[in-house]
Amino acid sequence: MHQGCATVLCVLAVLGLEVAALEECELARLLQDKLRYEMRLKYMKHNFPIDYTLRVQHEEVLRTANVTRLRDGKVSEASLRYLWFHTCSQAVLHILEVLPEKHPSHGYTQELSQLLDALGVEYSGYRQHPKLFAPIDGIAVAHPLSPQSDVDAVVADLVKQLHSADSRQKAVRPKALLDNCLKVLRMLFGAHCRWDSA
Ligand SMILES: *[C@@H]1O[C@H](CO)[C@@H](O)[C@H](O)[C@H]1NC(C)=O
C-alpha cells in the first residue's frame, strides 16, 4: 500500500476504468442517436394528441440551466451524470406508462428505456451499489438506499425527491421531456466522452 499498487495492478485498474468509461460513452452515444430530432418529433409529438401533457414531478425536469446552477455549486460531473440518468430514466418510464403496447411510440420508448437500463448497470458496477438501480415501481416508492458517498449530497437529495411520491407535480409535453434529456446529455457527455462538438 505504502508504495502504491504493484505495476500490474495499476495497469489493470486503469484499463478497467477505461472500459467502464467506454461503455458509458457508447451507451450515451446510442441514446443521443435515438433522441435525434426526427425521432423525437415523430414519436413524442406526431404520435400524440395535440397539446398532450403528462404530470411529472418538478425534479424530473432537468434543464441545462439546472446543470449550470449545480456546476456553479461545485457538484461533481459524475454526480451530474448520475442525476441526469435518474431524471431521464424516470421521464421515459412515465411516458412508457401512458402508452398501450400497440401504440406506435411504444417500441421506441421501450428501446430508450432499455438503453437507459444498460447505462444503469454500468453505473451500478462502477459504484458497487447494485441495489440503487433496482427497478422502481410505476408509482414511485421511497428510494431503497441512503445517499452514497460518491454522489454529492445535493444530488442524492434530488434523486430521493425524484422517487418520492408526494413531490409537487407539473404538466409537461412528452417531447419536452426528451428535449431536455438530449440537451443535458450533450452538455454532460460531450466533453466527458470527447465527442466532437459538431
Ligand atoms: C430544475 O429547476 C427547476 C426550477 O427552475 C426546479 O423546479 C426543478 O426541480 C429543477 N430540477 C432538478 C432536477 O433540480
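One table, with the values for the structure above:
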quantity	calculated
Alpha-carbon Debye profile of the range 153-198, log10 I(q)/I(0) at 0.15, 0.22, 0.25, 0.28 Å⁻¹	-0.61, -0.94, -0.98, -1.00
Under 13 Å, Cβ to Cβ, from ALA91 - net charge with Lys/Arg +1 and Asp/Glu -1	+3
For the range 42-128, the Rg and Dmax computed from alpha carbons only, in angstrom	15.0, 45
Amide H contacts under 5 Å for LEU54, placed H, 5+ residues apart	VAL172, ARG173
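We did not get these values from a lab; they are worked out from the coordinates using the rules stated. Keep in mind that what you see is a predicted model, and the values were worked out from it rather than measured. Please note: Cβ atoms are built from the backbone with ideal geometry, for glycine as well, and neighbour counts cover all protein chains shown.
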